[in-house]
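Some notes on the structure that comes next.
The values are calculated or read from the model by the stated rules, or taken from the named source; none is laboratory data. Remember, it's a predicted structure, so these values are computed and weren't measured experimentally. Positions of Cβ are generated from backbone atoms using ideal geometry, with glycine treated the same way; all protein chains shown enter the neighbour counts. These area figures cover heavy atoms from the full protein model, side chains too; ligands, DNA and RNA do not enter into them. Shrake-Rupley method; radii C 1.70, N 1.55, O 1.52, S 1.80 Å.
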Amino acid sequence: MRTIIFFYVITFSSWIYSQKLTPENYYDFYKTINEVKGDKLTTAWLNKKEAAEILVEEMEKAGFEWVNDFRIVKLEQNDYIIAICYSEKSNVGFVYEETHTAFPNKLNRQLRSLYKKSTGNDYAEKIIDIYGESVFIKIKELPNNIKIIKEDIYWYQQTDNDRDNDYVVTKKDMLEIFRNDVRNHILNFKK
């Protein structure tokens with residue numbers, strides 16, 4: 001009887017952790033220190049440089065031309081944004097929201113941005129001139145040809161025990177989720 005129970009536990013555990021992670025289910029794999037074998041558990045997020053590299057790669061794969069990273073784009077008379085990826089030929093791109101909550105929250109995937117939730121603005125940037133004067137640009141709503149990449153929803157975990165990689169969302173898992181999300185965003189852009 002013990003052997004049968006053990007077999008079912010192993011089979012069920014293997015099935016749960018062999019499921020393909022998706023944007024809909026990967027929050028279910030968030031772990032606390034008590035749920036891993038390692039002594040240390042760290043949660044980290046996608047960084048802007050990695051995001052820009054993947055965005056450029058995916059836009060070029062999708063056939064977009066004149067794709068660059070970290071472009072200053074003028075929206076209105078005195079409104080500028082820093083697009084981490086932008087196609088000058090198609091006039092479409094992405095900005096990066098460089099903030100996250102302390103703990104991943106699945107509901108944040110549904111938000112346009114955390115910044116919008118807290119300030120009412122889609123985007124803000126501080127511009128400083130060479131004399132130390134600064135001006136804040138606040139954009140209530142970005143145009144439809146600019147999508148917001150929210151750092152908050154692209155997280156992963158790592159421990160000091162490699163065996164935990166079977167049970168946590170790894171950086172590789174997170175990057176694959178990010179790529180899939182980017183591909184879906186790109187489908188809505190016109191070339």
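Do you know which of the residues in segment 168-191 that are assigned to a loop (DSSP other than H, G, I, E, B) and open to solvent by less than 70 Å² (accessible area, probe 1.4 Å) is farthest from Thr42 (Cα to Cα)?
In the first step, residues of segment 168-191 are kept if they are assigned to a loop (DSSP other than H, G, I, E, B); the result is 168-170, 188-191.
Now narrow it down to the ones that are open to solvent by less than 70 Å² (accessible area, probe 1.4 Å): 168-170, 189.
Values: Val168: 11, Val169: 11, Thr170: 11, Phe189: 35 Å.
That would be Phe189.
Looking only at segment 74-131, how many residues end up being β-branched (Val, Ile, Thr) and open to solvent by 20 Å² or more (accessible area, probe 1.4 Å)? Step through it out loud before you land on a result.
We begin by selecting, within segment 74-131, every residue β-branched (Val, Ile, Thr); these are 81-82, 84, 92, 95, 99, 101, 119, 127-128, 130.
Subsequent filtering for residues that are open to solvent by 20 Å² or more (accessible area, probe 1.4 Å) retains 82, 99, 101, 119, 127-128, 130.
The qualifying residues number 7.
I need the full set of residues from segment 138-191 which are under 16 Å from Leu55 (Cβ atoms) and among the charged types (D, E, K, R), in order please. Talk me through it step by step, then tell me what you get.
First, pick out the residues of segment 138-191 that are under 16 Å from Leu55 (Cβ atoms): 142, 145-151, 153-154, 174-189, 191.
Scanning segment 138-191 gives Lys147, Lys150, Glu151, Glu176, Arg179, Asp181, Arg183, Lys191.
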Inter-residue pairs, beta-carbon under 6 Å, first touching a residue at least 24 places away in the same chain (Cβ under 8 Å) and on the phi < 0 side of the Ramachandran plot and in segment 125-138, second among the acidic types (Asp, Glu) and surrounded by 10 or more Cβ atoms within 10 Å (Cβ to Cβ), 6+ apart: Ile137/Asp79; Ile137/Glu125
So which residues in segment 34-67 are of a type in the set (Val, Ile, Thr) and either open to solvent by 40 Å² or more (accessible area, probe 1.4 Å) or in contact with a strand residue (DSSP E or B) (Cβ under 7 Å, 6 or more places away or on another chain) (or both)? Val36, Thr42, Thr43, Val56, Val67
Inter-residue pairs, beta-carbon under 8 Å, first under 20 Å from Val182 (Cβ atoms) and in segment 109-122, second open to solvent by 30 Å² or more (accessible area, probe 1.4 Å) and acidic (Asp, Glu), 6+ apart: Asp122/Glu141
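Of all residues being among the β-branched types (Val, Ile, Thr) and either at pLDDT below 85 or part of a loop (DSSP other than H, G, I, E, B) (or both) in segment 16-38, which is nearest to Ile153 (Cα to Cα)? Just the residue, please.
Within segment 16-38, the first condition is being among the β-branched types (Val, Ile, Thr), and the residues that meet it are 16, 22, 32-33, 36.
Okay, now just the ones that are also either at pLDDT below 85 or part of a loop (DSSP other than H, G, I, E, B) (or both), so 16, 22, 32, 36.
Values: Ile16: 22, Thr22: 12, Thr32: 17, Val36: 22 Å.
Ranking the candidates gives Thr22 first.
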